[in-house]
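Let me begin by presenting the structure, written as structure tokens, before commenting on it.
The values are calculated or read from the model by the stated rules, or taken from the named source; none is laboratory data. A quick note: this is a predicted structure, and the numbers were derived from the prediction, not measured. Because the Cβ atoms are built from the backbone with ideal geometry, glycine has one as well, and the counts that use them run over all protein chains shown. The accessibility values were calculated without ligands, DNA or RNA, using every heavy atom of the protein model including side chains. Shrake-Rupley method; radii C 1.70, N 1.55, O 1.52, S 1.80 Å.
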Amino acid sequence: MTIWHWVRHGPTHEKNFVGWRDVPADLSDHALIARLNAHLPQTAMMVSSDLIRASATADTLASASRLRLPHDRDLRELDFGLWDGMHARDVSQSHPELSRAYWTTPGDIAAPEGESWNDAARRINAAVDRITQAHPNTDIIAVAHFGVILTQVQRALGVDAHAAMAHKIDNLSVTDIHITPQGWDIGTINHQV
């Protein structure tokens with residue numbers, strides 16, 4: 001069995017859309033990070049998105065007993081295209097019908113110059129499959145983003161994107177997904193340490 005321990009990066013305190021824009025995480029809550037570190041398996045492999053908010057969070061969880069894999073660009077957040085850096089209010093004013101459809105019927109609808117939920121899920125699923133095949137029967141700590149984690153929740157639960165997006169994924173929370181020969185199973189979603 002391979003167990004993915006998905007960790008959402010530390011908070012950015014951004015009020016606008018943050019997709020592929022590279023913004024830092026606030027990692028000043030040392031007590032919370034220590035609890036998170038103690039909760040995660042000590043001998044796991046570790047991978048992160050290449051965006052600094054995820055890679056820096058992974059740096060805080062690194063140890064000699066955790067094999068660090070190279071940052072993976074395919075574990076980036078959803079690409080919001082032109083909406084990246086905009087406030088939700090401004091997005092809804094500039095693209096009222098498109099932005100409403102993007103969130104209420106996620107799937108093939110993409111932000112202008114961005115990617116759809118389905119495109120992102122294909123990208124992320126391929127990365128998860130590649131890493132799982134390269135490192136079978138192990139624990140993998142993956143530090144990534146809200147949308148990334150929800151694509152894997154969707155996959156494990158076998159639900160549509162709208163149902164997956166109903167789940168809350170807090171910063172520095174853990175979502176465990178078990179991959180066995182019989183299929184995928186959810187351990188916990190949004191576990192707070």
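Taking residue 47 as the residue in question, decide whether it is more than 17 Å from residue 19 (Cα to Cα) and either open to solvent by less than 60 Å² (accessible area, probe 1.4 Å) or of a type outside the set (Phe, Trp, Tyr) (or both).
yes
In the list 63, 28, 55, which residue meets the criterion of being in a loop (DSSP other than H, G, I, E, B), among the hydroxyl-bearing types (Ser, Thr, Tyr) and open to solvent by less than 50 Å² (accessible area, probe 1.4 Å)?
None of the others qualify; the one that does is 63.
Is it fair to say residue 188 is within 20 Å of residue 2 (Cβ to Cβ) and either surrounded by 14 or more Cβ atoms within 10 Å (Cβ to Cβ) or without any contact (Cβ under 8 Å) to a residue 12 or more places away in the chain (or both)?
Here the answer is no, as residue 188 does not meet what is asked.
Given the condition without any contact (Cβ under 8 Å) to a residue 40 or more places away in the chain and closer than 19 Å to residue 149 by Cα, answer yes or no: does some residue in the range 33-45 qualify?
Among the residues of the range 33-45, at least one is without any contact (Cβ under 8 Å) to a residue 40 or more places away in the chain and closer than 19 Å to residue 149 by Cα, which makes the answer yes.
Those residues that are more than 16 Å from the chain's Cα centre (by Cα) and among the charged types (D, E, K, R), I need them from the range 131-163; list them, please.
Answer for the range 131-163, where residues must be more than 16 Å from the chain's Cα centre (by Cα) and among the charged types (D, E, K, R): 139, 160.
Give the residue that is most open to solvent (accessible area, probe 1.4 Å), with candidates limited to residues of the range 1-25 that are over 16 Å from residue 169 (Cβ atoms) and β-branched (Val, Ile, Thr).
3
Going through the range 1-32 one residue at a time, which ones are without any contact (Cβ under 8 Å) to a residue 24 or more places away in the chain and closer than 30 Å to residue 112 by Cβ?
Passing the criteria: 13, 14, 26.
What are the residue pairs meeting all of these: first residue in the range 62-74, first residue under 24 Å from residue 35 (Cβ atoms), second residue open to solvent by 60 Å² or more (accessible area, probe 1.4 Å), Cβ atoms under 6 Å, and 6 or more apart or on different chains?
Note: pairs meeting the criteria are 62/68; 65/42; 65/43.
Residue check, residue 128 against (1) modelled with pLDDT under 95; (2) under 24 Å from residue 11 (Cα atoms); (3) of a type in the set (Val, Ile, Thr), all met but one. Which one?
All conditions are met except number (1).
Filter the helices (runs of 4 or more DSSP H) completely within the range 72-168 down to those with at least 2 residues that are of a type outside the set (A, V, I, L, M, F, W, C) and open to solvent by 60 Å² or more (accessible area, probe 1.4 Å).
The qualifying helices (runs of 4 or more DSSP H) are 88-94, 96-104, 117-134.
Only one of 99, 92, 116 is touching a Lys or Arg at 6+ places or on another chain (Cβ under 9 Å) and not aromatic (Phe, Trp, Tyr); which?
Among 99, 92, 116, only 92 is touching a Lys or Arg at 6+ places or on another chain (Cβ under 9 Å) and not aromatic (Phe, Trp, Tyr).
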